[in-house]
Amino acid sequence: MVRQHPELAPVVERLRREHGVVAAALAELHQLLNSADAARERTEFDRLANELETHFRHEEDELVATLNATDPAALRQR
């Protein structure tokens, strides 16, 4: 998508970084689910939920219009 819309490069890079943050939060939450610390589980779950909400909102605000106007086959080309 960045090849076709280079102006979106900063947005895509930010979303890539956020994917890493979300993956780390999920891994931590998974470990916590095996613990007996319910308060910390809730805190981490809330943090993850906030990260995801922010990420999805940004993704929708910045990419949905472009994705809707782009031929999916063009995105698969490398």
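Laid out as a table, the results:
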{"item": "Estimated FRET transfer efficiency when R0 is 30 angstrom, pair T43-H19 (beta carbons, to 0.05)", "result": "0.85"}
{"item": "Charge context of E59, other residues only, Cβ under 10 angstrom, K/R +1, D/E -1", "result": "-2"}
{"item": "Accessible surface of the chain [probe 1.4 Å, protein heavy atoms]: carbon and sulfur percent", "result": "54"}
{"item": "Rounded accessible area per residue of the chain, 1.4 Å, Å²", "result": "74"}
{"item": "Local net charge near A38, Cβ-Cβ under 13 Å (Lys/Arg +1, Asp/Glu -1)", "result": "-2"}
{"item": "Rounded to the nearest 10 Å², the accessible area of H30 at probe 1.4 Å", "result": "120"}
{"item": "Rg and Dmax of the chain, Cα atoms only, in Å", "result": "16.4, 49"}
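The values are calculated or read from the model by the stated rules, or taken from the named source; none is laboratory data. Keep in mind that what you see is a predicted model, and the values were worked out from it rather than measured. Cβ sites come from the backbone with ideal geometry, for glycine too, and all protein chains shown count toward neighbours. Ligands, DNA and RNA are excluded from the accessible area calculation, which covers all protein heavy atoms including side chains. Shrake-Rupley method; radii C 1.70, N 1.55, O 1.52, S 1.80 Å.
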